[in-house]
Each structure stands twice: as structure tokens, then as C-alpha cells.
1. Just subtract the alpha-carbon distance of residue 53 and residue 90 from 0.36 nm times their residue separation and send over the number in nm, one decimal.
2. Need the C-alpha centroid separation for region 81-137 versus region 26-66, integer Å.
3. Using the beta-carbon distance between residue 101 and residue 75 and R0 = 35 Å, what value does 1/(1 + (r/R0)^6) give for FRET efficiency, to the nearest 0.05?
4. May I ask you to derive the relative contact order of region 8-48, considering only C-alpha pairs under 8 Å and at least 6 residues apart, and to give it as an integer percent?
């Protein structure tokens with residue numbers, strides 16, 4: 001035979017409001033509907049929930065203050081310092097990468113400045129020149145963003161921001 005439920009303990013748990021009715025029923029070995037019927041019949045109120053929660057918070061705060069077992073809470077200054085260190089490292093890496101690409105674009109520019117253009121290579125020269133100008137413009141845009149120059153989206157209003165089209169014609173005009 002099953003033991004009679006401890007209705008006083010069930011009422012205390014119900015009124016404390018920390019456990020659901022189903023949790024109270026499971027720990028007491030009765031159905032949740034039996035608890036709901038009894039609570040309704042006897043007028044139990046779950047009115048102590050807020051007071052219990054306040055007491056729990058106070059006990060936890062006191063235990064943490066005396067034991068010191070809580071992890072240190074990061075201050076706003078620490079969070080800002082950590083985030084700014086990470087962001088600065090990224091920006092500096094971008095700047096280093098852009099310096100490398102600027103060097104490559106400059107090498108291409110120097111090569112094209114020395115190249116002889118003739119009927120056999122003018123198409124290749126035009127494509128190379130176009131690629132070089134495109135690379136240079138991308139480096140300039142990237143540098144403006146990395147160094148916070150220009151407007152909010154990293155673009156200024158200078159001549160380097162304009163589209164440039166280069167076309168070659170043969171000396172005879174065709």
C-alpha cells in the first residue's frame with residue numbers, strides 16, 4: 001500500500017512557487033491533478049514566489065561574498081580593452097597586407113612603364129594596364145578603409161575614386 005501524501009509539505013512547496021505542480025507531484029508520488037484539486041479546494045495561493053526568489057538571491061550574494069568562489073566579473077573597461085586589442089590586431093594585419101599588395105601593384109606599374117607596346121602585344125598590354133589600374137584602385141580603397149580616411153564607407157571624393165577606362169588604338173586610327 002502507498003503512503004499517504006504529506007499535504008503540508010506539498011502545500012509549502014506549492015506556495016513557495018519554485019517548483020511546477022508536476023514537479024511537486026512527481027516528488028510526492030501523486031498526480032498533478034490531485035494537487036490542483038486540493039489547492040483549489042483549500043484556496044492555496046502561489047504568493048510567496050517573489051519573496052522566495054529575493055531570499056535566494058540574497059543567500060547566493062552572501063555566499064559569494066564570503067566564499068569568493070564566483071568568477072571575477074569583467075568590468076566595462078576590461079571588455080573594451082580586450083575588444084579593442086582584437087580589433088587593432090585585425091586592422092594592423094590589414095595594413096600589412098595592403099602594404100604587400102601596394103608593392104606588387106607598384107612592380108606591375110614599373111614593368112608596364114618600361115614595356116614596349118607594339119602590334120603584337122598591345123592587347124596584352126591593355127589588359128595588364130587595366131588589371132594594374134584596378135589593383136591600384138583596390139589598394140587605395142583598402143588603405144582608406146584601414147586608415148579611416150574618406151567617408152563612412154571608405155571612399156573619398158578624389159580622382160582615384162572615379163572609373164577609368166583605357167583603350168588603345170593603332171597609330172593608323174583603327
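1. Going from the current span to full extension adds 8.9 nm.
2. Using only Cα atoms to place each centre, the spacing works out to 69 Å.
3. Here the calculated transfer efficiency is 0.35.
4. Working: 35 pairs, mean separation 19.7, N = 41.
Relative contact order for region 8-48 comes out at 48 percent.
Every number in this text was worked out from the coordinates using simple rules, so none of it is lab data. Note that the structure is a prediction, hence the values are computed from the model and not measured. As a convention, Cβ positions derive from the backbone with ideal geometry for all residues, glycine included, and neighbour counts pool all protein chains shown.
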